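First up is the structure itself, then whatever we jot down about it.
The values are calculated or read from the model by the stated rules, or taken from the named source; none is laboratory data. Predicted model only: the values in this text are computed from it and were never measured. Positions of Cβ are backbone-derived with ideal geometry, glycine not excepted, and every protein chain shown enters the neighbour counts. With ligands, DNA and RNA removed, areas are computed over all heavy atoms of the protein, side chains included. Shrake-Rupley method; radii C 1.70, N 1.55, O 1.52, S 1.80 Å.
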Amino acid sequence: MRDSLTHDDDSLVDLRQKAEEYGAFLDQNLQPQLEAIVRDRDSCEKDIAEYVELTQKIEELILRRNNNPKAKRIQAPLECLADLGHKVAYSHAVVDDPESIFVDIGYGFHIEFSLGEALQFIEKRIKFLKEFKLKKVVREANMISEHYTEAVTLLVALKEEIDKKSSC
């Protein structure tokens, strides 16, 4: 009888230890991975949104140029507000020649494009971001989320087993 109680106590200690290990695994591995992949997804979606916004602005410039059939170029300087960082601070800016723009192509590099070239590049960049980068990040996020859900389910089952053995 005494050996049976000792064995039950040992199995209860083992279950508690396993529950702690799974809890630590959730907190130290899966949760940070999930947070990081969500940040990556949000960053990719933000990049896509910024490229879409840039496309709209370029199309407005082209429309402005096309509204004057005699002009081959945009004649008047473009006045705008320039974002100085994180959409918190802005400055009044004048662009003397709005026929070409610098576009962020990634990794901190910027290239000067004509308006037409910029539209072509942006179309390809958005396609790349959506079809490759975003799909990959979403797939990884779903996989990590599934692992997280499975680990939580296992942890709940372990705690129920511990409660059941503790009450005996």
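Of all residues in segment 11-26, how many are small (Gly, Ala, Ser), exposed (fewer than 12 other Cβ atoms within 10 Å of the Cβ) and either within 11 Å of Leu158 (Cβ to Cβ) or touching a strand residue (DSSP E or B) at 6+ places or on another chain (Cβ under 8 Å) (or both)?
Within segment 11-26, residues that are small (Gly, Ala, Ser), exposed (fewer than 12 other Cβ atoms within 10 Å of the Cβ) and either within 11 Å of Leu158 (Cβ to Cβ) or touching a strand residue (DSSP E or B) at 6+ places or on another chain (Cβ under 8 Å) (or both) number 0.
Assess whether Val137 counts as being closer than 26 Å to Asp14 by Cα, out of contact with any Phe, Trp or Tyr (no Cβ under 7 Å at 6 or more places or on another chain) and open to solvent by less than 100 Å² (accessible area, probe 1.4 Å).
Here the answer is no, as Val137 does not meet what is asked.
Restricting to segment 113-131, give me the number of residues that are modelled with pLDDT under 95 and loosely packed, with under 15 Cβ neighbours inside 10 Å.
Qualifying residue count, segment 113-131: 2.
For segment 92-112, what are the residues that are at positive phi and open to solvent by 100 Å² or more (accessible area, probe 1.4 Å)?
Tyr107
Can you tell me which residue is modelled with the lowest pLDDT among those in segment 49-80 that are more than 30 Å from Leu134 (Cβ to Cβ) and open to solvent by 100 Å² or more (accessible area, probe 1.4 Å)?
My answer is Gln75.
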